[in-house]
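FYI, it's all coordinate maths here, none of it is from the lab. Small disclaimer: the values here were computed from a predicted structure and weren't measured. Note: ideal-geometry Cβ built from the backbone for every residue, glycine included; neighbour counts use all protein chains shown.
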Amino acid sequence: MSWHDSLLWATLTAVLLVRSADASSLTPPDARTLTPIVEASPTLAPFQHVRFCLRYPADCRSSPDHAIRIELNTQTMELLDRVNRDVNLSIIPKVKSYGSDLEDSWNIAPDMGDCNDYAVTKRHNLLGEGLPASALRLSVLKTASGIGHLVLIVATTNGDVVMDNLTAAIRPWQTTDYQWLKIQSASDPRFWSEVRSPGIGLASQANRKVRVAGRLAN
């Protein structure tokens with residue numbers, strides 16, 4: 001079985017299991033288990049994301065305040081859970097080649113698509129719900145089997161959580177078995193940075209003040 005087939009099978013399985021998720025997914029995770037992603041050095045944006053921004057410029061605009069995070073509470077979790085489930089169910093999994101002919105691209109709300117389409121659609125929908133662009137960051141990673149994958153990271157006051165088309169659960173980023181490679185900049189979604197490994201340099205990050213819906217929080 002090719003890696004394309006493996007990823008398609010995993011996605012189909014996740015979609016079938018979406019409605020069976022435990023109701024505990026609606027409960028905000030324990031803040032003690034959550035830490036923010038730490039950016040390392042700047043890196044090149046994925047080529048397909050550059051093309052995406054040319055096609056959907058409104059989804060690549062900066063937030064007025066790039067330090068903003070959203071409050072992690074039951075209402076927020078319900079919104080994230082709803083958008084994650086709705087998008088996972090609305091797009092039929094499809095393998096794309098992203099070949100030299102540039103026929104395939106990242107699309108918002110297609111009938112059929114891959115992980116990239118799921119991630120940008122979730123981000124688009126949450127922007128439509130009024131969440132700040134700086135708190136909604138696409139991230140490139142590798143799965144445990146070494147397959148390239150794209151997810152949406154939501155930056156919250158208690159850490160960063162993952163919205164993923166391979167699961168209905170909203171999970172803290174560092175509790176996954178993924179290898180994190182790069183992430184959108186919080187200050188400008190057109191730019192990307194490498195991801196520092198969990199546990200490195202988190203103390204200094206925790207001491208930073210963040211702006212929450214227009215107010216400062218320690």
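State the Cα centre-to-centre distance between the range 40-87 and the range 159-175 in whole Å.
A separation of 14 Å, based on Cα centres.
Let me know the charge dipole size of the range 34-172 about its Cα centre in debye, to the nearest 20, where only the beta-carbon of Lys, Arg (+1) and Asp, Glu (-1) is charged.
The calculation lands at about 140 debye.
Sticking with the crude label model, points 7 Å out along Cα→Cβ, report the distance from ARG85 to ASP111 in nm, one decimal please.
About 2.6 nm, to one decimal.
Could you check the spin-label model distance between SER97 and SER41? Points 7 Å from the Cα along Cα→Cβ, value in nm.
With each label placed 7 Å out from Cα toward Cβ, I get 3.5 nm.
Could you compute how fast the range 58-121 diffuses translationally, taking Rh as the Kirkwood radius over C-alpha pairs and applying Stokes-Einstein at 37 °C with viscosity 0.692 mPa s? Give it in µm² per second.
Value of D from the Cα-based Kirkwood radius: 234 µm²/s.
What distance in nm separates the two pseudo spin-label positions at ARG171 and GLU78, each 7 Å out from Cα along the beta-carbon direction?
Placing both labels 7 Å along Cα→Cβ, they lie 2.6 nm apart.
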